[in-house]
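Encoded as structure tokens, the structure appears first; notes follow it.
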């Protein structure tokens with residue numbers, strides 16, 4: 001089956017499940033579909049760096065958490081009518097989603113630029129370790145930041161607003177997240193097919209050959225990392241809005257690991273691999289989680305099977321076409 | 001004035017010194033053959049010129065000191081390398097391989113496909129599934145997509161069937177005649193080189209031992225330094 005039809009089927013399936021659940025009066029299922037869309041968005045960000053760029057980042061929770069805290073800080077100040085700072089000018093918080101998203105994208109991109117400039121001096125296992133170290137630094141920073149809840153995190157009592165929509169209605173909030181996911185996936189498809197994406201893919205395979213074509217692979221990787229961090233930051237802001245809660249666990253290395261697991265399950269470097277991976281992850285979490293609290297053992301076995309039997313993940317298995325990775 | 005000027009080039013792989021002071025020059029529009037037996041330093045010279053390995057000596061391209069530049073900046077000056085062994089990006093399609101390397105200039109996808117019509121037929125095929133000859137055409141096309149001022153071909157016809165070799169040589173000749181592009185070429189096909197090249201440089205034990213118009217490369221020299 002052509003991969004584009006699998007992608008269309010996955011996205012249509014996600015949308016239809018949410019609509020069916022809404023029509024059937026099952027708001028919890030709509031919320032689960034929203035979680036799938038948000039996790040897929042976060043993993044889509046990582047997929048650019050990992051799948052196309054070959055950058056195994058074990059610190060992408062930094063951007064997820066930073067996006068979450070961007071939302072938490074802005075919204076908590078807005079709900080308390082307390083400016084974030086007053087000098088040299090007054091900077092108020094906001095409960096407006098579009099502004100929060102812009103802030104999450106900006107801080108995610110900025111953090112990725114700083115971390116990328118340092119981490120991309122290394123490669124292989126050292127890159128994994130340095131990104132993990134950044135993740136842990138942010139995790140402990142969030143724990144020791146009492147102004148924003150410290151270890152207990154930060155609750156936002158009312159979900160942030162979007163002009164013309166009732167974001168407290170699960171199906172409308174799903175619609176927002178789903179629309180963002182579609183836009184980001186469209187952008188990712190364009191990036192992958194652009195000279196930038198092709199050169200990034202080529203740089204993963206043979207950096208010296210790319211250099212012989214006049215392209216600096218480090219520069220490509222840094223930009224890929226920045227875009228990746230921005231998208232994962234946006235997903236973090238949406239995830240915090242979904243739960244109306246942000247806590248240091250968003251920065252934890254387990255979150256970084258889960259994002260990688262989603263991509264491997266769905267298909268590394270596949271456009272809709274993150275969607276398939278996130279859907280499977282959430283379904284297993286709900287289904288197996290109801291059977292046993294040790295459900296992640298079964299997830300581990302599944303991951304083992306995917307890695308050993310079909311590296312293309314779910315999408316690769318359905319498409320029966322070798323990965324471009 | 002020379003486009004590429006290499007003087008007293010020295011390079012080593014660890015403790016093993018391969019180049020002991022090689023010199024050569026390529027002028028605008030000139031085709032220079034770099035000759036020598038196996039292991040005499042031809043590919044090492046090319047790797048050093050393209051800044052893919054450290055070296056010493058004088059190395060200038062269009063007046064720029066290449067030793068001050070990383071390899072991607074050297075390539076941006078106009079050094080287009082077709083490496084030994086083709087080395088295409090196997091998972092990418094033909095068109096993607098070409099677009100990944102594209103830089104603004106006279107050479108674009110359509111022009112490369114006119115030079116190598118086979119690539120147009122295989123546009124959406126993955127490079128890893130092409131025949132050896134097609135991969136070589138793709139490697140040359142990829143170098144042309146960078147719009148080089150000097151095309152460097154390292155063993156471009158090695159291991160190919162005679163008909164395919166003829167196609168590659170025809171394309172190189174077309175480049176020379178139609179574009180006047182400067183070309184530095186390493187190959188063992190002396191008969192073809194005599195037809196296409198203006199000058200030759202012979203390397204032996206990491207040094208240039210003879211340079212001159214290729215017409216002056218007589219059988220005695222060929223026998224002594226090239227073993228033919």
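The values are calculated or read from the model by the stated rules, or taken from the named source; none is laboratory data. It should be emphasised that the depicted structure is a prediction, and the values quoted were computed from it without experimental measurement. Here the Cβ is made from the backbone with ideal geometry for all residues, glycine too, and neighbour counts use every protein chain on show.
Before moving on, here are some points about what is shown:
- In the set (1) within 28 Å of residue A:222 (Cβ to Cβ); (2) not in a helix (DSSP H, G or I), the condition left unmet by residue A:159 is number (1).
- Across the stretch A:263-277, the number of residues qualifying as assigned to a helix (DSSP H, G or I) and over 10 Å from the mean Cα position of the chain (by Cα) comes to 8.
- Filter result for residue B:134 (farther than 17 Å from residue B:178 by Cβ, out of contact with any strand residue (DSSP E or B) (no Cβ under 6 Å at 6 or more places or on another chain) and crowded, with 19+ Cβ neighbours inside 10 Å): yes
- Of the set (1) closer than 21 Å to residue A:234 by Cβ; (2) in a helix (DSSP H, G or I), all apply to residue A:13 but (1).
- None of A:72, A:59 is in contact with a strand residue (DSSP E or B) (Cβ under 7 Å, 6 or more places away or on another chain) and either at pLDDT 95 or above or not in a helix (DSSP H, G or I) (or both) except A:72.
- Only one of the numbered conditions (1) buried (at least 20 other Cβ atoms within 10 Å of the Cβ); (2) modelled with pLDDT of 95 or more is not met by residue A:163, and that is (1).
- Flag for residue B:83 being farther than 30 Å from residue A:189 by Cβ and within 10 Å of chain A (Cβ to nearest Cβ): yes
- Flag for residue B:138 being within 28 Å of residue B:45 (Cα to Cα) and within 10 Å of chain A (Cβ to nearest Cβ): no
- Within the stretch B:70-118, being assigned to a loop (DSSP other than H, G, I, E, B), touching a strand residue (DSSP E or B) at 6+ places or on another chain (Cβ under 8 Å) and closer than 26 Å to residue A:269 by Cβ holds for B:83, B:90, B:91, B:92.
- Qualifying residues in the stretch B:141-154 (those that are in a loop (DSSP other than H, G, I, E, B) and in contact with a strand residue (DSSP E or B) (Cβ under 6 Å, 6 or more places away or on another chain)) - the one nearest to the other protein chains (Cβ to nearest Cβ): B:146
- Per-region count, the stretch A:231-248, residues farther than 15 Å from residue A:38 by Cβ and in a helix (DSSP H, G or I): 1
- The stretch B:53-80 - residue that is within 9 Å of another protein chain (Cβ to nearest Cβ) and touching a helix residue (DSSP H, G or I) at 6+ places or on another chain (Cβ under 6 Å) and, of those, surrounded by the most Cβ atoms within 10 Å (Cβ to Cβ): B:80
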